[in-house]
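**Q** Okay, here's the structure, questions in a sec.
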Amino acid sequence: MKVRLAALLTFALSFAVPTLAQHKDTANPRIAQQRDLVGDPTALNEFGVLATEQSEAFTNKDAAAVAALFTEDAVLVAPDGIFSGRKAIEKRYEDTFQQWPFTVFNDPRDWSLKAIDNAVWSFGEWWGTLQGQTGPVFVNGYFSTIYVREGDAWKMRMLTLTERPRLAPPAGTK
């Protein structure tokens with residue numbers, strides 16, 4: 001009986017092992033492949049234009065222009081809250097520009113641009129200078145963005161921002 005069972009198991013495994021081995025090297029068609037767009041001239045041009053529009057909108061304190069870079073159903077996750085929809089995002093930037101007007105907003109540095117199918121995401125570090133009550137204040141932080149195509153333009157569907165803590169002045173100085 002043991003010999004028959006061992007023979008049956010050996011026979012069954014002789015079919016199963018090669019079948020499993022065949023699937024080992026085949027790609028799963030349901031898993032989309034990621035592409036790095038940093039070396040793609042067309043993508044760099046399109047997202048460079050978008051970054052320039054964003055930088056100009058911040059420097060000009062134009063909340064409507066910033067909001068226009070988002071999809072209608074976009075979400076902004078920021079240190080001061082979660083803002084859902086283009087109108088809420090525009091209102092958030094109106095309030096931000098009144099409280100902390102940017103004097104300089106620079107394009108992100110140390111960023112990455114990746115794509116899967118028709119979605120693109122980026123992440124990196126941002127920085128700028130705000131006009132504080134006692135003078136300029138340097139700010140920086142990190143971001144991650146998901147972009148989608150809306151007509152002929154790329155729009156932000158989700159933007160997550162963090163702000164690095166501002167350094168306190170050295171002891172004994174004002």
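The values are calculated or read from the model by the stated rules, or taken from the named source; none is laboratory data. Here the structure is a predicted model, which is why all the values come from computation and not from measurement. Side chains are part of the model used for accessible areas, which takes the heavy atoms of the whole protein and leaves out ligands, DNA and RNA. Shrake-Rupley method; radii C 1.70, N 1.55, O 1.52, S 1.80 Å.
**Q** Of all the C-alpha pairs in segment 30-106, what % are more than 18 Å from each other?
**A** 51 percent
**Q** Go through Glu94, Glu56 and list them by solvent-accessible area, largest first, probe radius 1.4 Å.
**A** Details: Glu94 80, Glu56 105 Å².
From most exposed to least exposed: Glu56, Glu94.
**Q** To the nearest 10 square angstrom, what accessible area does Phe102 show with a 1.4 Å probe?
**A** Roll a 1.4 Å probe over it and Phe102 shows about 20 Å².
**Q** Would you mind checking which residues have amide H under 5 Å from Arg164's amide H? H placed 1.01 Å from N; only 5 or more apart, or other chain.
**A** Asn140, Gly141, Tyr142
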